[in-house]
């Protein structure tokens with residue numbers, strides 16, 4: 001009964017298979033993450049590498065099942081070049097496992113990419129920064145126009161493919177604005193990227209995503225978090241006291257367009273959510289350097 005209730009939460013009925021048959025069809029190439037209730041593996045679909053996110057759904061509580069179903073349903077509705085593609089999902093009743101097969105980003109996540117440059121003591125080229133900012137703002141603007149909030153935007157949830165394009169993933173906290181009233185009083189997101197109103201009041205809006213976009217862009221530009229601390233409690237206290245500075249010239253390479261970047265960061269990192277710019281505004285601002293008077 002519990003199994004059927006979970007399956008009933010999905011907008012489209014999943015394919016059915018046994019685990020043995022599924023592994024024959026999608027042979028595992030590499031295990032990326034494993035714990036008792038879930039795993040993430042790189043598998044082969046023909047000659048194409050894809051990701052198999054596997055969840056033992058009988059180990060999940062009711063809220064976790066609801067969020068898993070919400071993630072699947074959201075990804076099925078959000079079709080955009082920079083949203084992680086969900087190809088299909090399959091349930092294996094013999095092992096109580098649910099498998100989501102999605103796009104593989106060959107270059108890993110943005111935090112890994114940043115760390116690789118830190119190790120080399122190099123910084124990103126400004127053209128790369130412009131492209132990432134533009135694509136991130138554009139895809140989040142698209143999500144907002146569809147009525148959804150991501151609620152966990154951060155470098156670890158931005159992935160890079162071999163073409164250097166970003167893929168926004170991990171929609172486990174995503175929600176439609178109409179469902180917010182049923183999912184309140186829970187602080188989601190990640191310390192250092194979650195907006196102050198999320199930490200303080202568990203209040204979510206498109207503006208809280210904009211804050212996270214700004215904090216993510218800050219990290220991409222400076223290789224530092226907008227707020228540093230020894231643990232999440234210290235970080236959250238600083239967030240609520242608004243003890244941090246906007247972007248300064250000495251934080252970024254001289255080849256970057258400081259005025260444009262400061263306009264974006266200062267527009268996102270504002271204490272009052274009502275005063276923040278939108279992701280559509282960011283697309284227009286950064287678009288000036290790509291399609292207009294580029295520096």
| said: in the same structural domain as residue 216 (by TED's automatic domain parsing), modelled with pLDDT under 95 and assigned to a helix (DSSP H, G or I): is that true of residue 286 in this structure? | reply: yes
| If a residue has to be within 19 Å of residue 195 (Cα to Cα), in contact with a helix residue (DSSP H, G or I) (Cβ under 8 Å, 6 or more places away or on another chain) and assigned to a helix (DSSP H, G or I) to count, how many in segment 243-282 make the cut? | 11
| request: Could you tell me which of the residues 77, 130 is in the same structural domain as residue 171 (by TED's automatic domain parsing), farther than 17 Å from residue 153 by Cα and either over 15 Å from the mean Cα position of the chain (by Cα) or at pLDDT 95 or above (or both)? | output: 130
| remark: The residue from 149, 158 that alone is under 30 Å from residue 69 (Cα atoms), in contact with a helix residue (DSSP H, G or I) (Cβ under 8 Å, 6 or more places away or on another chain) and in contact (Cβ under 8 Å) with a residue 60 or more places away in the chain is 149
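The values are calculated or read from the model by the stated rules, or taken from the named source; none is laboratory data. The structure presented is a predicted model; accordingly, all values stated were derived computationally and were not measured. For neighbour counting, all protein chains shown are included, and Cβ atoms are generated from backbone atoms with ideal geometry for every residue, glycine included.
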